[in-house]
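Below is one structure, written out as structure tokens; the observations come after it.
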Amino acid sequence: MRIGQGFDVHAFGEGDHVMLGGVRVPHTHGVLAHSDGDVVLHALCDALLGALALGDIGKHFPPSDEKWRDADSRSFVRAVAGMLRERGYVLGNADMTVICEAPKVGPHAAAMREIVAADLGVDVDRISIKATTTETLGFAGRREGIAALATVLVLRA
């Protein structure tokens, strides 16, 4: 077995929604990002890539490459899932935490879990998505941005 962890953060900018776990969540702001800025999926990709010792998301989907501009982060997850299978591993479980004061994640968590499970080709009971605030401390507490953490366990198939 192998364990990986990932982290992603994006500043808020212009817009009326954020992408979280593949779900378009209405919000007072968007995020500043090269792709769709989905912190949940970016942290998940980094965790999976880390478990495989394959570097990070920027190595595989560099923001310097225009081909990834405004990309749907679900395509990143599906590509990394392919790397996992090619190397003879399966996902044991993935646990993700969104860090923000707003938007509220809870009403969207079930849909996020379904999307992540589908993109990874696993049962939804292997996917956990939850949220926390920073009690108004730091950039997230000041509502300047949003972050996510991910931890994964991968097993030899």
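Derivation of every value follows stated rules applied to the coordinates shown; laboratory data play no part. Quick caveat, the model's predicted, so the values are computed rather than measured. Glycine also receives a Cβ, built like all others from the backbone with ideal geometry; neighbour counts cover every protein chain displayed.
Among the listed options [x] 13.5; [y] 11.8; [z] 8.5, the one matching mean projected area of the Cα convex hull in nm² as calculated from these coordinates is [z]. The Cα center of the stretch 35-58 and the Cα center of the stretch 91-113 differ in position by 16 Å.
In the chain, what percentage of the DSSP-assigned beta bridges are antiparallel, given to the nearest 5? DSSP beta bridges in the chain are roughly 80 percent antiparallel. In summary, the aspartates and glutamates within cross-link reach of Lys67, defined as a Cα separation below 14 angstrom excluding same-chain residues under 8 places away, comprise Asp36. Is the shape of the stretch 31-105 rounded, prolate or oblate, going by the alpha carbon gyration tensor and its root eigenvalues a ≥ b ≥ c, with a/c under 1.5 for rounded and a/b larger than b/c for prolate? Oblate, since a/c reaches 1.5 and b/c is not below a/b.
The residues Phe12, Phe7, when put in order of fewest to most other Cβ atoms within 10 Å, stand as Phe7, Phe12. Among His10, His29, the order by Cβ neighbours within 10 angstrom, fewest to most, reads His29, His10. Straight Cα distances below 18 angstrom link Lys104 to the lysines Lys130, with same-chain residues fewer than 8 positions distant left out. Summing Lys and Arg as +1 and Asp and Glu as -1 over all other residues whose Cβ lies under 9 Å from the Cβ of Cys45 gives a net charge of -3.
If R0 is 22 Å, the Cβ-Cβ spacing of Ala110 and His60 corresponds to a FRET efficiency of close to 0.15. The relative contact order of the chain comes to 33 percent, based on Cα pairs under 8 Å that sit 6 or more residues apart.
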